[in-house]
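The values are calculated or read from the model by the stated rules, or taken from the named source; none is laboratory data. Given the structure is predicted, the values throughout are model-derived calculations rather than measurements. Cβ placement follows ideal geometry from the backbone for every residue including glycine, while neighbour counts extend to all protein chains displayed. In case anyone asks, the SASA skips ligands and DNA or RNA and just uses the protein heavy atoms, side chains included. Shrake-Rupley method; radii C 1.70, N 1.55, O 1.52, S 1.80 Å.
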Amino acid sequence: MSTSGNTSPSSGTQRAMFRVWKGQGEQVSFKDYHTDVTGGMVVLDAIHQIQAETEPTLACRWNCKAGKCGSCSAEINGKPRLMCMTRLDTLDLSMPVIVEPMKSFPHVKDLVTDVSWNYEVKKRIKPFKPRKPDAPDGTWRMEQSDVDRVQEFRKCIECFLCQNVCHVLRDHHKHDEFAGPRHFVYTAALEMHPLDTEDRLGHLKDEEGLGYCNITKCCTKVCPEHITITDNAIIPLKERVVDEFYDPLTKLFKMFRPAKSG
Amino acid sequence: MSDYQTHEHDVLVIGAGGAGLRAAIEASAAGVSVGLICKSLLGKAHTVMAEGGVAAAMANVDDRDSWKVHFSDTMRGGQYLNNWVMAEIHAKEAPDRVRELEKWGALFDRTKDGRILQRNFGGHRYPRLAHVGDRTGLEMIRTLQDYGIHQGITVYMEHTTTALLKDGERVVGAFGYDRERGRFRVFKSNAVVLATGGIGRAYKITSNSWEYTGDGQALAYYAGADLMDMEFIQFHPTGMVWPPSVRGILVTEGVRGEGGRLLNNKGERFMFNDIPDLYKNQVAKDAEEGWRYVEGDKNANRPPELLTRDHVARCINREVKAGRGSPHGGVFLDIAWIKEKVSNAPERIKKKLPSMYHQFKELAGVDITSEPMEVGPTTHYVMGGVRVDGVTQMSSVPGLFAAGEVAAGLHGANRLGGNSLSDLLVFGKRAGEHAAEFAKKYEAGTIDNAQIDVAAKKALSPFDRPTGENPYVVQHSLQEMMQDKVGIVRTEADMAAALDGLSALKKRAAAAGIDGNREYNPGWHTALDLDNLLVVSEAATRSALDRQESRGGHFREDYQEKQKDFSQHNTVIRRGPDGGMQLRREAIPPLRDDLKQVIEENK
């Protein structure tokens, strides 16, 4: 989803109101803050201004402020977005700008959530395992086109907005059985890596719960890196899993061929 | 006594960007237990922002390249103040470190024959930067992260370190807190590697994130280690300047590597007007030759936009001051013009510079395939830092190591683009290796409870002043002052005023306070960062005052030329017995004869 910031920022200043989720534990509610906004400002700038002017304890994560690190994920006027890439001049400032933390992860404080589950899930996915080097000096040869195929997946900045919006996690809380779109993108990057020899299809089916995804494409819509998660990562992985485990012809062939060596 | 949790490791790595991850991986491979502390979440460190590429003389694109040329380029770029031991090791080992990343899953762009592609960059004689479009840093940190999580390293995410713990002369651990709950942690460790990055947050206009508050430099300083070359701060020539909220965000040098030209408001390509002597033989005579260089003509010289960053930044600054700048106080960087040369220009720009395209489109409403960008200098990198042994990366304090931006030496007075990513791989590995060796060699030290109590008291002190000044306001004042007085153009009077200003800011910082509790309280974190920012700001100012010449990243309006008297020493800062900052000039060891010859051959 683009912030559609295709217009030049204007120079004027205006007062705007931000309705921010504030608190921790049971004591949480929206709190309103007023601050001046100028052309080109993003939501994260407004949050920083509020910290500096009125509420130094207001908790949020951020790092690069350029859409490259994926730290400042939040829900802005109900839409999952990066705060650093959401320009205020694309929002209706006659209404309060509503800023909330991601909903699919345990709340820590204010705009901060506990995303450690994502790190646990990733650790369980079998790591990269390259084929033997192509050249005597221990290096490989690859075509640019082979590299390009997975670059889309490797652009992922791990903002976890796709995880946040996926209904399997958000509504059905299948965190124990389902890895979520981020990790399908990660698995796809490994599976389609030109040098990789590992087999993760069984893990995808049984541990990552790929089957739970019913391709509603919510993840694709919120990806700030514009990764076509569903079409390019999830569907091809689903096809591979089907070929491997459910296709009767493949099953027959498999009886006569040795298992894929790792 | 303070309430805290204790963790024990053989090696503790503080900082989880490229250098910290690489150090942790190496230490772990040596069979010791490793703890890795990140100030943010894992994989978010500033390395993700590195765009252009990693410099390594693999000679995949131009077979005339070798470690000798890379070494000579690095020394020339650093104006010969570099620790040449490091410059030699770096040039020799960088290719293996890059290839190793490929073994761990990194995917670089390819040459036609399927090897790692390399691109042109400022100050590098041949195409030398292995890259992935313009998101090389993300590829590197993700590769190290995804490999690292399977190496048995214990990762402490969102932890801040506020003090190093010592047993006699030796560092034996660290004290800090977890940001989420604010609980104190004591890390007991035989060796500590600092990999905390830079100091960019001391300035108002910077490409650095909130994390770059000079923590490692300040921790080392308080532990008694030497800081070196702190006057050398790199102002990257091309940061965004408009709109105000994005001012300082980096625009990769890769734009110029791909043919981008710098223009003033008269449409003049001003970089052709000022070519430094050291580079007279290496610069294109006209735009035509510059373009041929971009297109890989081996007989062509580089366009002047690809001179070193210190020089380009000063030229831009001069244009703006002379009234020839762009509407918002920068100059124009134009890549769209390549449509005059190639038929598929927009596709090529989007393919080679996808993040830049995205960044300008979304944040500034500028389409870089059809219009120029407005750019100006931004605080980007500190060449100086913790003084280390070139081979082992150990500081002047036993058991304390440093690697990456927090360490000094490799880059001298100015860093070449692409040399930081190779720096963090080469010296991250070395720091990890030697820290592990140190940890195996010595018995565990003793943790002194008194030191823990002092550190805990200091960490909690902002809560004693709930009505004190807002720490963000103090931080902003410091940033304004450093930008204004110790920035890209410096004078004695400004810097003397900066020292007075720093004294006043120290008092304000000591009186700053914070409300609320210890759980994820960014005001508290900011209050604690202030002390580190003040240490590095003072070190930079004192070092810059002492260097009465202009060299690399350090430009003095009152001493505009290089001086021979300043060409043979580094500036070293140490904490004196009275707690004040002491400065000394440390002679650079004479260059080895064979290396002298290498430099001669590559003049």
Residues of region A:74-103 satisfying the condition of being small (Gly, Ala, Ser) and open to solvent by 10 Å² or more (accessible area, probe 1.4 Å)
A:Gly78, A:Ser94
Where A:Arg15 falls short, out of the listed (1) more than 11 Å from chain B (Cβ to nearest Cβ); (2) under 26 Å from the mean Cα position of the chain (by Cα):
(2)
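Residue-wise test of (1) open to solvent by less than 10 Å² (accessible area, probe 1.4 Å); (2) acidic (Asp, Glu); (3) assigned by TED's automatic domain parsing to the domain that holds B:Ala497.
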residue: B:Met383; (1), (2), (3): yes, no, no
residue: B:Gly390; (1), (2), (3): yes, no, no
residue: B:Ala402; (1), (2), (3): yes, no, no
residue: B:Asn419; (1), (2), (3): yes, no, no
residue: B:Val426; (1), (2), (3): yes, no, no
residue: B:Glu433; (1), (2), (3): no, yes, no
residue: B:Ile447; (1), (2), (3): no, no, no
residue: B:Gln451; (1), (2), (3): no, no, no
residue: B:Thr467; (1), (2), (3): no, no, yes
Any residue at all in region A:33-40 that's within 11 Å of chain B (Cβ to nearest Cβ), open to solvent by 30 Å² or more (accessible area, probe 1.4 Å) and part of a strand (DSSP E or B)?
yes
Evaluate region B:134-150: report whether one residue or more is part of a loop (DSSP other than H, G, I, E, B), closer than 30 Å to B:Gln282 by Cα, touching a residue at least 60 places away in the same chain (Cβ under 8 Å) and within 13 Å of chain A (Cβ to nearest Cβ).
yes
Of the residues B:His124, B:His159, only one is of a type outside the set (Gly, Ala, Ser) and open to solvent by less than 10 Å² (accessible area, probe 1.4 Å); which?
B:His124
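Residue by residue, here is whether (1) crowded, with 20+ Cβ neighbours inside 10 Å; (2) modelled with pLDDT of 95 or more; (3) of a type outside the set (Gly, Ala, Ser); (4) at positive phi holds:
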{"position": "B:Met481", "(1), (2), (3), (4)": "yes, yes, yes, no"}
{"position": "B:Glu492", "(1), (2), (3), (4)": "no, yes, yes, no"}
{"position": "B:Leu505", "(1), (2), (3), (4)": "yes, yes, yes, no"}
{"position": "B:Gly516", "(1), (2), (3), (4)": "no, no, no, yes"}
{"position": "B:Leu533", "(1), (2), (3), (4)": "yes, yes, yes, no"}
{"position": "B:Glu538", "(1), (2), (3), (4)": "yes, yes, yes, no"}
{"position": "B:Leu545", "(1), (2), (3), (4)": "yes, yes, yes, no"}
{"position": "B:Glu549", "(1), (2), (3), (4)": "no, yes, yes, no"}
Among the residues of region B:28-42, the number that are part of a loop (DSSP other than H, G, I, E, B) and either within 14 Å of chain A (Cβ to nearest Cβ) or open to solvent by 20 Å² or more (accessible area, probe 1.4 Å) (or both) is 8
For the structure I just gave you, tell me whether B:Ala45 is open to solvent by 10 Å² or more (accessible area, probe 1.4 Å) and within 25 Å of B:Ala106 (Cα to Cα).
yes
Determine whether region A:51-62 contains at least one residue that is surrounded by fewer than 16 Cβ atoms within 10 Å (Cβ to Cβ), over 26 Å from A:Thr187 (Cβ atoms) and touching a Phe, Trp or Tyr at 6+ places or on another chain (Cβ under 9 Å).
yes
Restricting to helices (runs of 4 or more DSSP H) lying wholly in region A:184-262: which have 2 or more residues that are open to solvent by 30 Å² or more (accessible area, probe 1.4 Å) and among the charged types (D, E, K, R)?
A:201-206, A:235-245, A:248-255
Just checking, how many residues over region B:72-115 are hydrophobic (A, V, I, L, M, F, W, C) and within 14 Å of another protein chain (Cβ to nearest Cβ)?
6
Restricting region B:59-105 to residues that are among the hydroxyl-bearing types (Ser, Thr, Tyr) and in contact (Cβ under 8 Å) with a residue 24 or more places away in the chain, the residue that is most open to solvent (accessible area, probe 1.4 Å)
B:Tyr80
